Amino acid sequence: MSDVLEKRSTMPVDRRGHCASGPPILRVEGLKRDYAQPSDLIDRIGRRLQGKGKPPLVRAVMGVDLDVFHGEVLAVVGESGCGKTTLGRMLAGIIPPTAGRIEYQGQDIAAMSAQDRRRYELGVQMIFQDPFSSLNPRMRVRDIIGEAPVVHGIVGRREVDDYVSELLTKVGLDPDYRERYPHQFSGGQRQRIGVARALALKPKVIVCDEAVAALDVSIQAQVLNLFMDLRRDFDLTYVFISHNLGVVSHIADRVAIMYLGRIVELASAEQVFSQAAHPYTHALLKELPRLSPGKRRFDPIVGELPSPANPPAGCAFHPRCPKVMERCHDDRPLLQGIGPGHQSACHLNEVMPGMEMPVATPRYLKRTVEGRE
Ligand code: SF4
């Protein structure tokens, strides 16, 4: 994947962890999403007999503040069930938030006119994990890619064939494939069709939800290369959702680490991989497979992700944290700046006297940088 690595840009970041490249294209503030737990009749009767009320809500996303800047690749990383896919779906307008606000190009999407709302919905597209189930098996590739741009007036019916051929070429497929059906393609080719379908609507932001997770490692590298080429050719911005820090290390400019519905660390990719501050980020880094003869190949994170319907008090990571302290049990740490472009939510970060902004405890950071954790 070294070719991919070379295509990553070095985005400048400001003190709040933002790429200093103008106003954000997407901004979310206090974003929350709850789900009611499904319950059948027996469940409801049982709860009533026990004097219990409705089952607790599943709090998938519990207050996320985030900016996405034009041209960057922002990776959102965490274990399954941490809320990253729900966050991505809210960004793409597929599901509405329970609370909070989303701004697209400076406008609150909840207050947009119908015309601006359509501009937002076309401008933010999503690519899904499973390329097969996200493509209609009864439609030819020409219609899968060409239908929406015709409906939205991006291209006329007469030009749609040429438009689809051009997009297929851009994503590395033979234009003659446009008459085929999804089952006639390999997994990597199907993901390329999914990319072409998203590009057909001329988006500004693409939310990739585990877009390479279902592919072989060799194909993953090709598709990641494709994403980076398309970013250059189409001036795209990516929100790249993944459970694998190894994958995002090749393409991300910034990385947001999510745990149980909240962002617990946000920093440039270089900072995350060389001076991560949050114990959960360290645990994710340790999980990456390593090729060192005679040593264990990877260290899985101890314990299970707690239920988002019943999150632990205090720091949500405390039942699994090797650094847990007394106060972590009932005092939830806030996400705060710990250095230029670097935010973390952990009590191991403390306010230095005379500093406007909290910074990381130097001793702790020094130990982690030297890899002695
Ligand atoms: Fe661990 Fe405490 Fe930091 Fe949470 S606040 S990550 S439990 S040290």
Completion exercise
Checked the stretch 20-65 for anything touching a helix residue (DSSP H, G or I) at 6+ places or on another chain (Cβ under 8 Å) and in contact (Cβ under 8 Å) with a residue 60 or more places away in the chain; matches are Leu26, Val28, Leu31, Arg33, Pro55, Ala60, Val61, Val64
Problem - Residue check, Leu87 of a type in the set (A, V, I, L, M), under 30 Å from Ala221 (Cβ atoms), assigned to a loop (DSSP other than H, G, I, E, B) and touching a residue at least 40 places away in the same chain (Cβ under 8 Å) - result: no
Practice task
Could you tell me whether Val68 is within 27 Å of Leu305 (Cβ to Cβ), at pLDDT 75 or above, surrounded by 12 or more Cβ atoms within 10 Å (Cβ to Cβ) and within 16 Å of the chain's Cα centre (by Cα)?
Solution key: yes
Handout entry: Enumeration of residues in the stretch 44-81 that are in a loop (DSSP other than H, G, I, E, B) and under 14 Å from Leu31 (Cα atoms)
Key = none
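Mind checking whether some residue in the stretch 304-313 is among the small types (Gly, Ala, Ser), at pLDDT 90 or above and within 11 Å of the ligand (Cβ to nearest atom)?
No, there is no match, as no residue in the stretch 304-313 is among the small types (Gly, Ala, Ser), at pLDDT 90 or above and within 11 Å of the ligand (Cβ to nearest atom).
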Problem - Tally of residues being within 15 Å of the ligand (Cβ to nearest atom), modelled with pLDDT of 50 or more and surrounded by fewer than 21 Cβ atoms within 10 Å (Cβ to Cβ) across the stretch 336-373 - result: 4
Fill in the blank from the handout: For the stretch 151-175, pairs from a residue that is of a type in the set (Phe, Trp, Tyr) to a residue that is not in a loop (DSSP other than H, G, I, E, B), with Cβ under 8 Å and 6 or more apart or across chains, are Tyr163/Gly146; Tyr163/Pro149
Problem - Filter pass, Lys286 being modelled with pLDDT under 90, more than 12 Å from the ligand (Cβ to nearest atom), outside any loop (DSSP other than H, G, I, E, B) and touching a Pro at 6+ places or on another chain (Cβ under 9 Å) - result: yes
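Quick grid of which residues meet (1) in a helix (DSSP H, G or I); (2) buried (at least 16 other Cβ atoms within 10 Å of the Cβ); (3) within 27 Å of the chain's Cα centre (by Cα):
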{"residue": "Leu135", "(1), (2), (3)": "no, yes, yes"}
{"residue": "Arg158", "(1), (2), (3)": "no, no, no"}
{"residue": "Asp162", "(1), (2), (3)": "yes, no, no"}
{"residue": "Gln189", "(1), (2), (3)": "yes, yes, yes"}
{"residue": "Ala221", "(1), (2), (3)": "yes, yes, yes"}
Handout entry: Residues that are in contact (Cβ under 8 Å) with a residue 24 or more places away in the chain, in contact with a helix residue (DSSP H, G or I) (Cβ under 7 Å, 6 or more places away or on another chain) and either in a helix (DSSP H, G or I) or under 13 Å from Lys204 (Cα atoms) (or both), drawn from the stretch 90-116
Key = Tyr104
Fill in the blank from the handout: When His278 is run through (1) over 16 Å from the mean Cα position of the chain (by Cα); (2) closer than 19 Å to Ala198 by Cα, the failure sits at (2)
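The values are calculated or read from the model by the stated rules, or taken from the named source; none is laboratory data. Just so it is clear, the structure is predicted and the values come from calculations on it, not from any experiment. Positions of Cβ are generated from backbone atoms using ideal geometry, with glycine treated the same way; all protein chains shown enter the neighbour counts.
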